[in-house]
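The structure appears right after this line, and notes come after that.
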Amino acid sequence: MNQQDEAVLTIYERSKPGRRAAVLPDAEVPEAPLEELIPAELLREEPPRLPEVSEPEIVRHYNRLSRRNFDLDTGFYPLGSCTMKHNPRLNERVAALPGHARLHPAQDPKRAQGALELMWLLQESLAEICGLPHVSLQPSAGSHGELAGLLLTRAFHADRGEERTKVLAPDTSHGTNPASVTMAGYKAVKVATNERGGVEMDDLRAKIDEDPGDVACLMLTNPNTLGLFDENIAEIAALIHEAGGTLYYDGANLNAVMGHSRPGDMGFDIVHVNLHKSFSQPHGGGGPGAGPIAVSERIEPFLPRPQVVRREDGNGSGPFFDLDLERPKSIGRLRGFQGNFGVFVRSYAYILSLGADGLAEASETAVLNANYLKACLAAGRAGERLPVAFDRHCMHEFVLSGKPMKKELGLATLDLAKRLLDFGFHPPTVYFPLLVEEALMIEPTETETKESLDAFAEAIERILAEAEEDPEVAKQAPYTTPVRRLDEVKATRKPVVRQPLDG
Amino acid sequence: MTRYTSATPDDRAEMLATIGVDSVDELFEQVPDALRLDRPLALPEGMSEADVYERLTALAARNADAEEQVCFVGAGMYDHYVPAIVDAIAQRSEFLTPYTPYQPEISQGGLQVMFEFQTAMSELTALPVSNAGLYEGPSSVASAGYLAMAATGRRRLVVSRGLHPHSRETLATYAVGYGAEVVEVGLNDGATDADELAQAVDGETAAVFLQSPNFLGAIERVEALGASAREHGALLVVACDPMTLGVLKPPGEQGADIALGEGQPLGNRLDFGGPSFGFFCASEELIRRMPGRIAGETDDVDGRRGFVLALQTREQHIRREKATHNICTAQALNALAAMVHLAWLGREGYRELGELLVRRTAYARERLASVEGIELLHGAPVARELAIRVAAPADRVLERCAERGIAAGYPLGRDYPEHEDGLLVAITERRTKAQIDDLVEAIAESVTLFGYTPNNATEGAAR
């Protein structure tokens, strides 16, 4: 068996009866038959068929698998809207301190003062960055923050004796926005995009005017998913507030504006922050992250329980950090315990490392890098074949359209993306946002060097040049990856989602 | 130059020239002046790596963690030993730093881990379909409510009081959004009241939610309790503790349609509550309604085996407002940790660990019950956690034990006012016989000191 085949065996296929890794402590207590402790009908007859493998095999298996992953530590990852910035190892080190990693979440607050103070400090930091006075760290991800924001909106209106049914969001919004709207029991209403890439004001007015009293909320990303700052934001905010709705900020693109512009100052009531994007929590191959929310004064009474609070101690021994479980108007819990604390530690370490000046400079460099890469691409073949969807300065990301490339070279955006794999790059986000045909959404982040941006632009240039000669090369790509294009239709029509096991 | 960026002044000048602007500020001109922050953020200046480390170490030192205190607290998250290989593998760049595997050709490692994880969770719960993980336990319960409503077209959710209080609260929060009515059924001697449950379930019921072992540690008779759900066509949702499934009959063998729970005990640290993951397994019929990522096996154009994200048409990035759920994460790194831990335990080790927990818990229960002033809160069978009632104010007992270096348990009074003097005591393989003996001694001592006896009349009156 060669290395390639060897790598795709699953851990179950390496299993051999009688092998094992774990050595457990002795019971030290009477070893009565289990049936004497638990009624036999509640006991499992056969243990689950977990693999039987030794420790060296486990290590080798997962290390081999790891080599079949592309990762940010190895290469450029310009995935739009995902903010693949460097993940500092300092953050891993401090998150692993036993005082963090082995702290039980039900520990009495007086014996968890360091953890609660850290959470409070992070709340304060995010409040300042967002320009909104109150923060809940509880939501576990961006989408969870969205759901929280919509439930807060519902509670806010209910408290005023109102029930509204519609949530507006631009057609450029992230897919999680409309999905969250439905889960929160609202109806999603699309708002069109204008020729500058912003919200189409006439359409927005029309959607509001249909029934202003029925508009619960407008969800917006700003800069939006085209990487453009909506210049009409103040007017948009005024229209929504006039109608009595709340304004929700999807913080996926906060990395563009840290220290430069604040959602609260733009008029937003509720903001979620992706700590795994702007605040350097590693993405882990798809989680974990965290999606804290910052809110305005009028939303604060409804924040989830528990809330970390700072109480001034009457005895003069300093402040006391506590979990406030009372909160009578709260929407309640969104999850167990206090949130993804390990993520909070990493993001707070990141904020401490960069400070006010560093955060502002990070956003500045993110914007510089994006505009530079956009300019480099425009100067080459991409300028014709992959024009930028909205031709103006972008913020931290930009969107290209592969429409001419497809028409002229027969190359779909997907083909270009797959060919990039052979050049050692992670492709940009593809086919999003939906309103741009054959879209490519590129976000380089501030942590990339000029050299890596140049190399990426050069790879696009070479792929387009190659396609002018022979488009088939890219259409069959990739060639150098552990596997080539996979049959995704089969995986959905006849899903095989587990390993068949014997015995 | 700030931390983690690398543009030199020369780089900047060149880049600005290429863009055709004089300063980065020009790029920010699209932000209206009135919305430009005209001052620095009111945050401290950046710090050196060494200083950040010291600052966070000082904060961490103000927490009493499970190295400082012997931890008998559970309530959903447990101080298990995480084997060294879990950390070594989960800290590899190739697992730590990628995004969700949208490009399967360069994500085979992560996708295969998801597939292996799904297989393991299916085995543990004895249900055929598993997703690759959700945020954590209680929100997974709320997600099951959403699924049940869509699958049955009904709006009533019947919930045992034995379900984790955080799960019940989270379900209630979500239910306001998706418009469900939540009905709670009480406990009788620690376990779900079968008669009350039978009465609560009707033709409008979308799902019945049980937990076993339940929050008070009692192993529920899931199969019998599920009868009314079956009779009325409601889904049976069972929350379970993955560390008990080596010895306890799995939900899938007891008629559960969905088995889910908090995954932390498998390979994940306490982390003051997260990140961890939720697992979510279901019957075949529910696969197209599942929330979350699911990896599936397929072939590439050369006929080689490979893995992809399957059934993406359920998901928000394709279906938007018609998606089965809004979730966009799989807690992939936490699920990887669980998978490595399970492989390390292996088929035999996993069962042995379950047996070890049952036996040590039985020992602790017997020892505690023999102490005057301590009684068992219920007589139901238990696996790894037990509930007692102390004849003294629970907070004083806990405080005294804490002074002796023992986190003695979780006080039940806040979540269960009917058990004001109740304590929940959790056992892991890290809790030795000697530590259990110390715990018994410490609680016994504090009951003597603070007990509701004639000698302590004021304490009793203050109750």
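Cβ-Cβ under 8 Å, sequence separation 6+ or interchain: first residue in the range A:94-110 and within 7 Å of another protein chain (Cβ to nearest Cβ), partner surrounded by 23 or more Cβ atoms within 10 Å (Cβ to Cβ) and among the hydroxyl-bearing types (Ser, Thr, Tyr). Which pairs? Cβ pairs passing all conditions: A:ALA106/B:TYR410. Looking at the range A:135-238, the helices (runs of 4 or more DSSP H) lying wholly inside it that each contain 2 or more residues that are more than 10 Å from chain B (Cβ to nearest Cβ) sit at A:142-159, A:201-209.
For the range A:14-44, residues that are at positive phi and surrounded by 11 or more Cβ atoms within 10 Å (Cβ to Cβ) total 1. Taking B:GLY153, is it out of contact with any Cys (no Cβ under 6 Å at 6 or more places or on another chain) and more than 7 Å from chain A (Cβ to nearest Cβ)? Considered against the rule, which asks whether it is out of contact with any Cys (no Cβ under 6 Å at 6 or more places or on another chain) and more than 7 Å from chain A (Cβ to nearest Cβ), B:GLY153 comes out as yes. For the range B:343-359, a residue qualifies if it is of a type outside the set (D, E, K, R) and either over 18 Å from B:PRO213 (Cα atoms) or facing chain A (nearest Cβ under 7 Å) (or both), and the qualifying residues are B:ALA343, B:TRP344, B:LEU345, B:GLY346, B:GLY349, B:TYR350, B:LEU353, B:LEU356, B:VAL358.
Please go through the range B:39-76 and give me each residue that is β-branched (Val, Ile, Thr) and either in contact (Cβ under 8 Å) with a residue 40 or more places away in the chain or more than 7 Å from chain A (Cβ to nearest Cβ) (or both), ordered by number.
B:VAL70, B:VAL73
When the range A:297-317 is examined, which residues are found to be surrounded by 21 or more Cβ atoms within 10 Å (Cβ to Cβ) and either of a type in the set (A, V, I, L, M) or farther than 23 Å from B:GLN331 by Cα (or both)? Steps first, please.
Of the residues in the range A:297-317, the ones surrounded by 21 or more Cβ atoms within 10 Å (Cβ to Cβ) are A:299, A:302-304, A:307-308.
Passing the criteria: A:ILE299, A:PHE302, A:LEU303, A:GLN307, A:VAL308.
Based on what the data block shows, is B:LEU345 within 30 Å of A:HIS61 (Cα to Cα) and more than 19 Å from the chain's Cα centre (by Cα)? Criteria met by B:LEU345.
Could you tell me whether the range A:337-358 includes any residue that is farther than 30 Å from B:PRO165 by Cβ and touching a His at 6+ places or on another chain (Cβ under 7 Å)? No: the range A:337-358 contains no residue that is farther than 30 Å from B:PRO165 by Cβ and touching a His at 6+ places or on another chain (Cβ under 7 Å). Candidates in the range B:164-201 are the residues that are assigned to a loop (DSSP other than H, G, I, E, B) and more than 9 Å from chain A (Cβ to nearest Cβ); of these, the one that is surrounded by the fewest Cβ atoms within 10 Å (Cβ to Cβ) is B:ASP189. When the test is whether a residue is assigned to a loop (DSSP other than H, G, I, E, B) and either within 8 Å of chain B (Cβ to nearest Cβ) or surrounded by 19 or more Cβ atoms within 10 Å (Cβ to Cβ) (or both), A:TYR62 does not pass it. State whether the residues of the range A:2-25 include one that is more than 7 Å from chain B (Cβ to nearest Cβ), hydroxyl-bearing (Ser, Thr, Tyr), over 24 Å from the mean Cα position of the chain (by Cα) and part of a loop (DSSP other than H, G, I, E, B). Checked the range A:2-25: at least one residue is more than 7 Å from chain B (Cβ to nearest Cβ), hydroxyl-bearing (Ser, Thr, Tyr), over 24 Å from the mean Cα position of the chain (by Cα) and part of a loop (DSSP other than H, G, I, E, B). Of the residues B:ALA330, B:ALA338, the single one that is within 25 Å of the chain's Cα centre (by Cα), at pLDDT 95 or above, of a type outside the set (Val, Ile, Thr) and more than 30 Å from A:GLU36 (Cβ to Cβ) is B:ALA338. Can you name the residue in the range B:319-337 that is of a type in the set (A, V, I, L, M, F, W, C) and facing another protein chain (nearest Cβ under 7 Å) and, of all such residues, is surrounded by the most Cβ atoms within 10 Å (Cβ to Cβ)? The selected residue is B:ILE327.
Of all the residues in the range A:415-455, those that are more than 22 Å from A:ARG484 (Cβ to Cβ) and either facing chain B (nearest Cβ under 8 Å) or surrounded by 20 or more Cβ atoms within 10 Å (Cβ to Cβ) (or both) number 15.
Entry remark, the range B:2-37: residues being small (Gly, Ala, Ser) and either crowded, with 18+ Cβ neighbours inside 10 Å or in a loop (DSSP other than H, G, I, E, B) (or both) number 4 in total. In the condition set (1) within 22 Å of the chain's Cα centre (by Cα); (2) buried (at least 24 other Cβ atoms within 10 Å of the Cβ), A:GLY245 is compliant with all but (1). Hydrophobic (A, V, I, L, M, F, W, C), in contact with a helix residue (DSSP H, G or I) (Cβ under 6 Å, 6 or more places away or on another chain) and buried (at least 24 other Cβ atoms within 10 Å of the Cβ), is that true of A:ALA370? For A:ALA370, the condition - hydrophobic (A, V, I, L, M, F, W, C), in contact with a helix residue (DSSP H, G or I) (Cβ under 6 Å, 6 or more places away or on another chain) and buried (at least 24 other Cβ atoms within 10 Å of the Cβ) - is not met.
Considering A:LEU103, A:LEU116, A:LEU72, the condition of being assigned to a loop (DSSP other than H, G, I, E, B), within 21 Å of A:VAL308 (Cα to Cα) and not basic (Lys, Arg) is satisfied by A:LEU103 alone.
When you look at A:GLY336, is it surrounded by fewer than 24 Cβ atoms within 10 Å (Cβ to Cβ), assigned by TED's automatic domain parsing to the domain that holds A:GLU117, among the small types (Gly, Ala, Ser) and farther than 21 Å from A:ILE129 by Cα, yes or no? Spelling it out, it is not the case that A:GLY336 is surrounded by fewer than 24 Cβ atoms within 10 Å (Cβ to Cβ), assigned by TED's automatic domain parsing to the domain that holds A:GLU117, among the small types (Gly, Ala, Ser) and farther than 21 Å from A:ILE129 by Cα. None of B:PRO98, B:PRO104 is within 7 Å of chain A (Cβ to nearest Cβ) and free of Cβ contacts under 8 Å to residues at least 24 places away in the same chain except B:PRO98.
Residues checked against (1) over 15 Å from the mean Cα position of the chain (by Cα); (2) touching a residue at least 12 places away in the same chain (Cβ under 8 Å):
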| position | (1), (2) |
| --- | --- |
| A:PRO282 | no, yes |
| A:GLY286 | no, no |
| A:PRO292 | no, yes |
| A:VAL295 | yes, yes |
| A:PHE302 | yes, yes |
| A:VAL309 | yes, yes |
| A:ILE331 | yes, yes |
| A:GLY336 | yes, yes |
| A:VAL345 | yes, yes |
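The lone criterion from (1) closer than 25 Å to B:VAL129 by Cα; (2) within 8 Å of chain B (Cβ to nearest Cβ) left unmet by A:PRO500 is number (2). Kindly establish whether A:ALA375 is at negative phi and either more than 13 Å from chain B (Cβ to nearest Cβ) or surrounded by fewer than 20 Cβ atoms within 10 Å (Cβ to Cβ) (or both). Spelling it out, it is not the case that A:ALA375 is at negative phi and either more than 13 Å from chain B (Cβ to nearest Cβ) or surrounded by fewer than 20 Cβ atoms within 10 Å (Cβ to Cβ) (or both).
Residue-wise test of (1) under 16 Å from A:GLN138 (Cα atoms); (2) within 11 Å of another protein chain (Cβ to nearest Cβ); (3) not β-branched (Val, Ile, Thr).
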| residue | (1), (2), (3) |
| --- | --- |
| A:ILE293 | yes, no, no |
| A:PRO301 | yes, no, yes |
| A:VAL309 | yes, no, no |
| A:ASN340 | yes, yes, yes |
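For the range A:36-51, the set of residues classified as within 7 Å of chain B (Cβ to nearest Cβ) and closer than 22 Å to B:LEU127 by Cβ consists of A:ILE38, A:LEU42, A:LEU43, A:ARG44, A:PRO47, A:PRO48, A:ARG49, A:LEU50, A:PRO51, listed by residue number.
The values are calculated or read from the model by the stated rules, or taken from the named source; none is laboratory data. Values in this document were obtained by computation on a predicted structure and should not be read as measured data. Neighbour counts are summed over all protein chains in view; Cβ atoms, including those assigned to glycine, are modelled from backbone coordinates with ideal geometry.
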